[in-house]
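Working notes, structure below.
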Amino acid sequence: MSLPLPGPVALNHSARLRTKIRRRIAAAGGWISFADFMEQALYAPGLGYYVAGAQKFGAAGDFVTAPELTPLFARALARQAAEIMNMSAPCILEAGAGSGRLAVDLLRALEVADALPECYEILELSPELAARQRQTLAREIPRLLARVHWRESLPERFSGLALANEVLDAMPVHVVQWQDDAILEHGVAWGRDARFQWQTRPATGRLRAEAERIETECRLPPGYVSEISLLAPAWAATWGDRLEAGCLLLVDYGFPRHEFYHPDRDGGTLMCHYRHHAHSDPFHFPGLQDIGTHVDFTALIAAAHPAGLALSGYTHQARFLLNCGLLDDLAALETGGPAYLKNAAAAQKLLAPHEMGELFKVMALGKGIKTPLTGFTHGDKSHTL
């Protein structure tokens with residue numbers, strides 16, 4: 001694996017986090033779950049990838065999200081946001097706002113449509129990212145800054161639109177292997193070569209129960225390895241008690257369960273990003289790279305529905321954006337001009353099946369919402385879950 005080498009400061013940062021995780025492994029008796037490792041690598045206070053100070057989003061970071069590509073994404077999303085707020089309350093809560101780009105473009109689009117929310121809350125666990133978001137909003141939409149508020153935990157009660165764009169893929173997961181006579185969990189140990197290494201133990205508790213459930217629903221060959229998220233479904237379900245009226249709108253890359261655990265997808269979906277290089281080694285420079293996995297959308301509705309949330313729509317990102325008028329927004333730009341050409345190329349990436357169009361999905365979980373919602377009027381794929 002040939003990746004760019006970090007500078008001395010970054011290397012020292014990674015070494016500090018590696019030492020912290022190594023001590024955590026020792027304190028736990030020599031082994032921790034991969035979910036524990038992933039949580040430390042991404043969220044350890046002051047050291048984890050998402051809470052430390054390195055640039056993460058955009059051309060200067062490690063990866064590019066849909067809002068970073070073009071404001072057309074937010075303009076299309078604004079139509080769905082306005083509709084949901086009209087059915088519930090004029091409030092938006094964005095979980096994990098990244099650079100703040102989506103918040104800026106979404107508020108601008110809603111302002112043009114005369115549909116501004118009374119409040120725009122940002123749930124952000126990283127103080128460093130929250131500070132960057134404040135700077136971005138203050139610089140680009142200072143007139144709307146008074147409507148924006150930051151929080152570090154979910155509200156007890158909420159009505160309106162709760163939005164999570166590429167949030168669930170960064171929630172810690174367990175790694176499991178299904179054998180003929182056993183279900184094993186792949187965890188992390190500290191090897192004699194002074195490196196992190198995979199080490200297996202029998203899966204237990206909730207993880208084993210979920211693995212057995214998956215095994216009964218999917219035809220898995222012996223030795224099959226993949227991820228199981230216990231946290232993402234639980235996070236979706238917790239909105240059942242908190243959401244009084246409105247929608248939880250989830251945008252992320254993933255599959256329904258029968259595709260996630262397809263026999264040909266042996267090895268799972270774990271992927272890391274470092275300076276726009278994608279690779280599969282989660283132990284490489286901890287704290288300096290993103291670690292993510294695809295989302296099992298079937299698991300989300302299986303947890304959310306018993307908690308009181310109704311499935312209000314599920315489809316490919318391309319179909320959702322088309323339903324919400326992305327091409328109309330593109331056509332409104334001056335044809336042939338620099339802005340048109342740049343946004344047309346970005347729209348192609350958002351919509352093309354071999355790019356983000358079909359890999360990314362959009363799911364709406366709601367209360368008190370009349371369906372179909374605009375984003376799901378054509379091409380709803382709820383039956384595939």
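Of all residues in the range 147-171, which are in contact with a Ser or Thr (Cβ under 8 Å, 6 or more places away or on another chain) and not in a helix (DSSP H, G or I)?
First, pick out the residues of the range 147-171 that are in contact with a Ser or Thr (Cβ under 8 Å, 6 or more places away or on another chain): 154, 159-161, 165-166, 168-169, 171.
Within the range 147-171, Leu154, Ser159, Gly160, Leu161, Asn165, Glu166, Met171 qualify.
Restricting to the range 1-37, name every residue that is touching a helix residue (DSSP H, G or I) at 6+ places or on another chain (Cβ under 9 Å) and not β-branched (Val, Ile, Thr).
Step one: list which residues in the range 1-37 are touching a helix residue (DSSP H, G or I) at 6+ places or on another chain (Cβ under 9 Å), which gives 5-6, 17, 20-21, 24-25, 28, 31-33, 35-37.
Selection gives Leu5, Pro6, Leu17, Lys20, Arg24, Ala28, Trp31, Ser33, Ala35, Asp36, Phe37.
Inspect the range 331-344 for any residue being of a type in the set (Lys, Arg) and at pLDDT 95 or above and give the result as yes or no. Spell out how you get there, then give the answer.
Filtering the range 331-344 down to residues of a type in the set (Lys, Arg) leaves 342.
Okay, now just the ones that are also at pLDDT 95 or above, so none.
No, every residue in the range 331-344 fails to be of a type in the set (Lys, Arg) and at pLDDT 95 or above.
Can you name every residue in the range 21-74 that is among the acidic types (Asp, Glu) and at pLDDT below 95?
The initial filter retains those residues of the range 21-74 that are among the acidic types (Asp, Glu), namely 36, 39, 62, 68.
Hits for the range 21-74 are Asp62, Glu68.
Take the range 342-385 and flag every residue that is among the aliphatic types (A, V, I, L, M) and without any contact (Cβ under 8 Å) to a residue 60 or more places away in the chain. Even if it seems obvious, please write down each step before you answer.
Keep residues of the range 342-385 that are among the aliphatic types (A, V, I, L, M), which gives 344-347, 350-352, 356, 359, 362-365, 369, 373, 385.
If the condition is that a residue be among the aliphatic types (A, V, I, L, M) and without any contact (Cβ under 8 Å) to a residue 60 or more places away in the chain, then Ala344, Ala345, Leu351, Ala352 are the ones that fit.
Exactly one condition in (1) exposed (fewer than 14 other Cβ atoms within 10 Å of the Cβ); (2) over 30 Å from Ala15 (Cα atoms); (3) touching a residue at least 40 places away in the same chain (Cβ under 8 Å) is false for Arg195; which is it?
Going through (1) exposed (fewer than 14 other Cβ atoms within 10 Å of the Cβ); (2) over 30 Å from Ala15 (Cα atoms); (3) touching a residue at least 40 places away in the same chain (Cβ under 8 Å) one by one, Arg195 breaks only (2).
Before we move on, is Arg151 surrounded by 12 or more Cβ atoms within 10 Å (Cβ to Cβ) and out of contact with any strand residue (DSSP E or B) (no Cβ under 9 Å at 6 or more places or on another chain)? Write out each step before concluding.
Working: surrounded by 12 or more Cβ atoms within 10 Å (Cβ to Cβ): yes; out of contact with any strand residue (DSSP E or B) (no Cβ under 9 Å at 6 or more places or on another chain): no.
No.
Being farther than 29 Å from Ala10 by Cβ and among the charged types (D, E, K, R) is the filter; apply it to the range 282-325 and report the residue that is surrounded by the most Cβ atoms within 10 Å (Cβ to Cβ).
Out of the qualifying residues, it is Asp296.
Which residues, counting only those in the range 68-119, are touching a Phe, Trp or Tyr at 6+ places or on another chain (Cβ under 9 Å) and polar (S, T, N, Q)?
Answer for the range 68-119, where residues must be touching a Phe, Trp or Tyr at 6+ places or on another chain (Cβ under 9 Å) and polar (S, T, N, Q): Gln80, Ser99.
Exactly one of (1) assigned to a loop (DSSP other than H, G, I, E, B); (2) under 17 Å from Asp380 (Cα atoms); (3) within 21 Å of the chain's Cα centre (by Cα) is unmet by Lys370. Its number?
It is condition (3) that Lys370 fails.
Limited to the range 317-341, what total is found for residues that are in contact (Cβ under 8 Å) with a residue 40 or more places away in the chain and of a type in the set (Phe, Trp, Tyr)?
1
Out of Leu102, Leu144, Leu77, Leu116, I need the residue that is more than 23 Å from the chain's Cα centre (by Cα), in a helix (DSSP H, G or I), buried (at least 18 other Cβ atoms within 10 Å of the Cβ) and modelled with pLDDT of 95 or more. Which one? Please lay out each step first, then the result.
On the way: Leu102 fails: more than 23 Å from the chain's Cα centre (by Cα); Leu77 fails: more than 23 Å from the chain's Cα centre (by Cα); Leu116 fails: in a helix (DSSP H, G or I).
Going through Leu102, Leu144, Leu77, Leu116 in turn, the sole match is Leu144.
Please note which strands (runs of 3 or more DSSP E) are completely contained in the range 205-306 and include at least 2 residues that are farther than 30 Å from Arg195 by Cα. Can you show your working first?
Working: elements: 224-228, 243-255, 271-274, 277-279, 290-292.
Answer list for the range 205-306: 243-255.
The values are calculated or read from the model by the stated rules, or taken from the named source; none is laboratory data. Keep in mind it's a predicted model, so treat the numbers as computed, not measured. Counting neighbours? That spans all protein chains shown, and the Cβs are built from the backbone with ideal geometry, glycine included.
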